[in-house]
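Quick notes on the structure that follows.
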Ligand code: G6P
């Protein structure tokens, strides 16, 4: 039964372990003949063609999944979108009209800021699609169309499986938008989906790698401040990974784009500052590594989360190196996400904290 921990000490660990199935169920529900099919959600294809502007909106973790969507759409569909924090969007005079597509993302479907944003978008004649985990929730009801994610109930306050399935939907949307706008051929779309369908196995393997990550968590458990670095999709991944760590371990963690750190934040790097550098993008690896070397040379203890297959020179100079399963760049977000979820989880667990119910946080936020 969904509300029991099934032998796990905390719901969060159970929910991390449930990700392969959650992702599989979410993807497979929208595939017909090896290609994306949102008609199963009652969404006509034209919705993905006839827009001039696209906004992803959400709060917290849900908003982070939109960042992945934005990158994927640029790379594979040649489509520009914006990712907006729902509470900012509402008061920022967004450009909304009948040519605007608003994609709202929410696990609970009840977050008030996201709900208000959807209502506003509808009032101004935009088309609204929501990506929601909880059936028949307020945001689902307020939207023109709903893509339900199939994560099952998520109990732990810190979101894990709900994020992974939101991210999985971003890949489906990317293929749909790319194909309908002539940016991907049927063959290319099928090849992309074929890779996506292998992700549940990749995630399964990442979950099994828990003891490696547990060992890393022992190295950061005493930290007061910690920095995470990454570029491109690695940057999106660390924004979420850093939030996870903050939420449940209470370690002050900041995610910075590796290229941006020298514009200020590097001033905070002193002897022994823990830094987690995520390096999984082949085309960015040499840049990501040289940024990590910059902080290492200022005394930081750099823990590298690196894609297997990216060659490291003088590996022994890093404080720790964690190898992640090698999949193509655009899918690395999945193994990275699981590793950073486990890192937060074990840090919180070993600190003896209430992993599932961190202080000051609520699973569903219904106040503005
Ligand atoms: C709360 C939760 C977060 C979540 C955010 C948005 O702050 O603690 O984990 O990301 O709300 O929630 P939603 O249900 O809209 O995804």
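What follows is calculated from the coordinates using simple rules that are stated; it is not laboratory data. Computed from a predicted model, the values in this text were never measured in an experiment. We place every Cβ from the backbone using ideal geometry, glycine too, and count neighbours over all the protein chains shown.
Only one entry in 110, 136 is outside any helix (DSSP H, G or I), touching a residue at least 40 places away in the same chain (Cβ under 8 Å) and more than 28 Å from residue 232 (Cα to Cα), namely 110.
Of these, 301, 307, 283, which one is within 21 Å of the chain's Cα centre (by Cα) and crowded, with 18+ Cβ neighbours inside 10 Å? None of the others qualify; the one that does is 307. Of all the numbered requirements in (1) farther than 19 Å from residue 159 by Cβ; (2) crowded, with 24+ Cβ neighbours inside 10 Å, residue 98 misses one, and that requirement is (2). Taken over the stretch 47-68, the criterion of being touching a residue at least 60 places away in the same chain (Cβ under 8 Å) and away from the ligand (no atom under 16 Å from the Cβ) is satisfied by 47, 48, 49, 51. When residue 71 is tested against (1) touching a residue at least 40 places away in the same chain (Cβ under 8 Å); (2) within 16 Å of the ligand (Cβ to nearest atom); (3) more than 23 Å from residue 153 (Cα to Cα); (4) in a helix (DSSP H, G or I), exactly one condition is not met: (2).
Considering only the stretch 175-204, state which residues are without any contact (Cβ under 8 Å) to a residue 40 or more places away in the chain and either under 12 Å from residue 79 (Cα atoms) or part of a helix (DSSP H, G or I) (or both). Give the steps one after another, and end with the answer.
Step one: list which residues in the stretch 175-204 are without any contact (Cβ under 8 Å) to a residue 40 or more places away in the chain, which gives 182, 185, 187-188, 191.
Residues satisfying the conditions are 182, 187, 188, 191.
Checking each residue in the stretch 327-340 for being more than 24 Å from residue 139 (Cβ to Cβ) and within 15 Å of the ligand (Cβ to nearest atom) picks out only 340. Screening the stretch 207-326 for helices (runs of 4 or more DSSP H) wholly inside it with 3 or more residues that are more than 18 Å from residue 337 (Cβ to Cβ) returns the ranges 210-220, 285-296. Among the residues examined, residue 130 does not qualify as in contact (Cβ under 8 Å) with a residue 12 or more places away in the chain and either farther than 13 Å from residue 58 by Cα or near the ligand (Cβ under 8 Å from one of its atoms) (or both).
Considering the stretch 345-357, and only residues there that are under 20 Å from the mean Cα position of the chain (by Cα) and more than 14 Å from residue 220 (Cβ to Cβ), the residue that is nearest to the ligand (Cβ to nearest atom) turns out to be 356. Here are the criteria: (1) closer than 24 Å to residue 242 by Cα; (2) away from the ligand (no atom under 16 Å from the Cβ). Tell me which single one residue 100 does not satisfy. So the condition that residue 100 fails would be (1).
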